[in-house]
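K.L.:
This structure is in structure tokens; I'll ask about it shortly.
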Amino acid sequence: MSEIASRGWVTRSRGGCRALKLAAVAPLAAVAALVLTGAQAAAAAPSSHSTPRASAAAAKVSAIFAGSLVDIMEKSFGPEFTAASGYPFEGFGGGSNEDAAQIKGKIRQGDVFVSAAASADQELEGAANGDWASWYSTFTSSNLVLGYDPKTKFGRQLAAGKPWYEVLTEPGIVVGRTEPKADPKGKLTVEALDAAARKLHDPKLLKALKGFPVFEETSMLARLQAGQLDAGFFYVVEAKIAHVPTVPLTPVYKYADYTITLLNNAENQAGAEALVSFLLSPKRKAVEKQYGLVPIKPQFSGSAAAVPASLRAIVGAG
């Protein structure tokens, strides 16, 4: 058994996506350092609301979230939420549109859904989609970048400053991307290379894109770190927490807009409200910036009447 598992963290795989179960706050040194950093940042930030505390025998809160947030949820937000609220936390990460499809298909159940694009939330709205969501609020974002392995020939070229669009058209380079229909990042990747090809008058970029292998979002970083890829398309938040070097996609600018919603028929309504309140707290902003997220004023969409009264002001619905 790994040290992580022996101290209260359990990771497993389901449908190709990593999952996390947190039974209690684990006193790992790395987690403790992250929690301390968040606590220090919180002390310096003003707070307009506090996270509700759970009872001693609180039921777990289950969140389904974008695969690009797996590390930050596991190493920072998950344990910090449990410490602040008393609710045990359980999370599942995967491609946002794939997550939405699994929610609709009742393959996965959760209390809160955090997506990398509003399109995933929209797939859960309305009677035709099972009425799983009635609203969502955009609350943070992260830029799309090219992450690379500095130990490979092509990684060294990127590190030396050779333009990314020239490196990507080199013979033999292996660049990972995600499936556009399952993951918003995959769609943004296609859009980014299409825009770059037009701006730079370089059709070779689109030809190169067709040869880039497609992987599940939650496996991309591991493949890059294992030396299976020379480079891959990531959001800053996932590359930064994994200490993967990146280059911006200049002259193209693409980014994920992360949304949050409380799923209808949540099993733990009180815990779900506490998690939404926690993630949108002003105390989180400094920690988000530390990990490559750009906090924004919540932008609400949907039915304000469907939002619990305790959350309306927080998510921008009232």
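The values are calculated or read from the model by the stated rules, or taken from the named source; none is laboratory data. As the structure is a prediction and not an experimental result, all values here were calculated from the model. No Cβ is skipped: glycine too gets one built from the backbone with ideal geometry, and neighbour counts run over all protein chains shown. Each accessible area value is taken on the protein alone, full model and side chains, heavy atoms only, with ligands, DNA and RNA left out. Shrake-Rupley method; radii C 1.70, N 1.55, O 1.52, S 1.80 Å.
K.L.:
Which pairs have Cβ atoms under 9 Å, sit 6 or more apart or on different chains, and link a residue in the range 164-189 that is assigned to a helix (DSSP H, G or I) to one that is aliphatic (A, V, I, L, M) and open to solvent by 30 Å² or more (accessible area, probe 1.4 Å)?
P.N.:
The qualifying pairs are TYR165/LEU200; GLY186/VAL214.
K.L.:
Report, by residue number, each residue of the range 119-158 that is part of a loop (DSSP other than H, G, I, E, B) and open to solvent by 20 Å² or more (accessible area, probe 1.4 Å).
P.N.:
The answer is GLU123, GLY126, GLY130, ASP131, TRP132, SER134, PRO150, LYS151, THR152.
K.L.:
For the range 121-149, how many residues meet the condition of being more than 28 Å from HIS243 (Cα to Cα) and not polar (S, T, N, Q)?
P.N.:
Residues meeting the conditions: 13.
K.L.:
In this structure, is GLY78 in a strand (DSSP E or B) and buried (at least 23 other Cβ atoms within 10 Å of the Cβ)?
P.N.:
no
K.L.:
Just to be sure, is SER115 among the small types (Gly, Ala, Ser) and in contact with a helix residue (DSSP H, G or I) (Cβ under 6 Å, 6 or more places away or on another chain)?
P.N.:
yes
K.L.:
From the set of residues in the range 282-303 that are hydrophobic (A, V, I, L, M, F, W, C) and part of a helix (DSSP H, G or I), which is surrounded by the most Cβ atoms within 10 Å (Cβ to Cβ)?
P.N.:
Step by step, filter the range 282-303, then rank; the result is VAL287.
K.L.:
If you go through the range 245-264, how many residues are part of a loop (DSSP other than H, G, I, E, B) and either surrounded by fewer than 14 Cβ atoms within 10 Å (Cβ to Cβ) or over 16 Å from the mean Cα position of the chain (by Cα) (or both)?
P.N.:
8
K.L.:
LEU221 passes all but one of (1) over 21 Å from SER119 (Cα atoms); (2) modelled with pLDDT of 95 or more; (3) in a helix (DSSP H, G or I); which number fails?
P.N.:
Status for LEU221: all satisfied but (2).
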